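The values are calculated or read from the model by the stated rules, or taken from the named source; none is laboratory data. Everything numeric here is computed off the predicted structure, so don't read it as measured data. Here the Cβ positions follow ideal geometry from the backbone for every residue, glycine too, while neighbour counts run over all protein chains shown. In case anyone asks, the SASA skips ligands and DNA or RNA and just uses the protein heavy atoms, side chains included. Shrake-Rupley method; radii C 1.70, N 1.55, O 1.52, S 1.80 Å.
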2 protein chains.
Amino acid sequence: MAKVAFIGLGVMGYPMAGHLKVKGGHEVAVYNRTFAKAEKWAAEFGGTAFRTPAEAAKDADFVFTCVGNDDDLRSVTTASDGVIEGMKPGATLIDNTTASAEVARELDAACKAKGLHFIDAPVSGGQAGAENGVLTVMCGGEEAAFEKARPVIDAYARMVGRMGEAGAGQLAKMVNQICVAGVVQGLAEAIHFGKQAGLDMEAVIEVISKGAAGSWQMDNRHKTMIAGKYDFGFAIDWMRKDLDIVLSEARRNGAKLPTTALIDQFYGDVQDMGGNRWDTSSLLARLERK
Amino acid sequence: MAKVAFIGLGVMGYPMAGHLKVKGGHEVAVYNRTFAKAEKWAAEFGGTAFRTPAEAAKDADFVFTCVGNDDDLRSVTTASDGVIEGMKPGATLIDNTTASAEVARELDAACKAKGLHFIDAPVSGGQAGAENGVLTVMCGGEEAAFEKARPVIDAYARMVGRMGEAGAGQLAKMVNQICVAGVVQGLAEAIHFGKQAGLDMEAVIEVISKGAAGSWQMDNRHKTMIAGKYDFGFAIDWMRKDLDIVLSEARRNGAKLPTTALIDQFYGDVQDMGGNRWDTSSLLARLERK
């Protein structure tokens, strides 16, 4: 049992903090930009809600952050009243935000300067994975700090791996999102084609899903795609944020991502269709629009 | 036990005909454009080699064809000395070629006119699937004819499904190849990105392969892709043949396949690199070329 702080109680952070309390058995202090949500969490799980990140982080051995983007992350960490100001020497900052590798390295340096440890730890598995505590967590940071943090992270994860030094967790998450984009667009084109050809797509997918065409997306999204149901899952707005990070990083490291860049544009079309909150699988809706 | 003829003893047909003989226990007559190969097969498995498709098909209850493309298929079926000329009334023609839905419907009509049954039955699973008798078979044709043929097809298959009327098997195979193209290009961009970023890609894929980014291609191709090994598997030349069929059919049925069309062009680049016989996963080699 450890003392833990959790900063950012959104659709992901709220249940993740809950698992740290209930499954992990840790003492949990929370902060959220909208204070009422922190109070709600504290009432539901039994914990303490604080008015600033620094106050929430004060006594914690492990401080978790899970916010929207690089700028939000800086404002709850390195800004005044941010967690780094409040943390005690030897404590570890674990960032679950999907952010740039650059900000991860920046926070790692800021932590080191104050005698703190840092681990970037973006997650995959979506809202359902957060609620069920079965997320995949891709970590970057020093090995010793990772080994100490791992059993704490386990409270909300099914799979936790160290990908390398600070920033490597974020880079691994980018690899993940590149794969997702390609798989989903291919699947969307395949279902679109099959429907245009008059096929019974449920029957087709039952037969092809175990072979070379198979994927997690096919297994978990084909039914809703065939039904045209997109009001759930991982929202286009977040996917575009992630792909923006991916494409910026690729510009820096020289990787060529022709279809990823194109699919990012397609997601822009889906936003124009009003699909900001639709699941990533709604690339099919774009192909079907009249 | 039935009397069977097999036309086309290439890398797929040769072992498939072998399974019909050994696993199915059928009497098998064979024909191949290069007669020596038919003789080799007959000597290896015990069967009879014939000089024309019509002769091989003469006494058969089920006639299988597995050749290169639509034109090859017409030349062994509807041309003079083709199987349809030799087949006895009530027999069934089962075509394992990956071909157009159009030629499937054409052969269905030609069979019906002669009192024969037709099933288009393209396969997925590659050379290894053929050798191990574990192919996925996507069938189109009348239900009664399919039900009679199914136990015979089972000799070389793990999964056999009826997708609809004549041509539907070919259309399902096209759906399969559209998915494969998207998954492989996404995976290639992801591995390329990861290598440029300096990640240990084996470690990353171990963590992400069970989640939303996961696919058969990731499980079965990432090691060889990371190693830059492409001298095996499903050759680019065949993939481009399949994508040509896909894109022609899409033009007819109005489906929009923007990334599939682009990936077909990328496969053209790989051919220009000398990769005609490389595995489909060699899209990564294209991203890495200098």
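Below, the figures for the structure above:
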read-out	value
Top-ranked residue in the range A:244-261 [being of a type in the set (A, V, I, L, M, F, W, C) and at the interface with another protein chain (Cβ under 7 Å from one of its Cβ atoms); ranked as farthest from B:LEU262 (Cα to Cα)]	A:ALA250
Selection status of B:ALA128, of a type in the set (A, V, I, L, M), free of Cβ contacts under 8 Å to residues at least 12 places away in the same chain and surrounded by fewer than 24 Cβ atoms within 10 Å (Cβ to Cβ)	yes
Counted residues, the range A:247-276 - those being acidic (Asp, Glu) and under 21 Å from the mean Cα position of the chain (by Cα)	2
Residue list for the range B:108-137, restricted to those being over 15 Å from B:LEU171 (Cα atoms) and of a type in the set (A, V, I, L, M, F, W, C)	B:ALA109, B:ALA110, B:CYS111, B:ALA113, B:LEU116, B:PHE118, B:ALA128, B:ALA130, B:VAL134, B:LEU135
Number of positions in the range B:124-133 that are within 14 Å of chain A (Cβ to nearest Cβ) and part of a helix (DSSP H, G or I)	6
From A:ASP264, A:ASP279, residue being under 30 Å from A:ALA227 (Cα atoms) and out of contact with any helix residue (DSSP H, G or I) (no Cβ under 7 Å at 6 or more places or on another chain)	A:ASP279
Every pair of residues 6+ apart whose Cβ atoms lie under 7 Å, when the first sits in the range A:207-228 and is closer than 17 Å to B:PHE234 by Cα while the second is open to solvent by 10 Å² or more (accessible area, probe 1.4 Å) and part of a loop (DSSP other than H, G, I, E, B)	A:GLY211/B:GLY125
Matching entry among B:PHE232, B:PHE193, B:PHE146 (being out of contact with any strand residue (DSSP E or B) (no Cβ under 7 Å at 6 or more places or on another chain) and among the hydrophobic types (A, V, I, L, M, F, W, C))	B:PHE193
Pair list, Cβ < 7 Å and 6+ apart or interchain, from the range B:62-91 residues that are farther than 17 Å from B:VAL4 by Cα to residues that are part of a strand (DSSP E or B)	B:LEU73/B:THR65; B:LEU73/B:ASP95
Within the range A:12-123, helices (runs of 4 or more DSSP H) holding 2 or more residues that are within 19 Å of A:ILE245 (Cβ to Cβ), open to solvent by 10 Å² or more (accessible area, probe 1.4 Å) and assigned by TED's automatic domain parsing to the domain that holds A:ILE153	A:70-77, A:101-113
Hits in the range A:145-161 (condition: away from every other protein chain (no Cβ under 11 Å) and in contact (Cβ under 8 Å) with a residue 24 or more places away in the chain)	A:ALA145, A:PHE146, A:LYS148, A:ALA149, A:VAL152, A:ILE153, A:ASP154, A:ALA155, A:TYR156
Residues of the range A:244-290 classified as open to solvent by 50 Å² or more (accessible area, probe 1.4 Å), closer than 25 Å to B:GLY194 by Cβ and either touching a strand residue (DSSP E or B) at 6+ places or on another chain (Cβ under 6 Å) or not in a helix (DSSP H, G or I) (or both), total	1
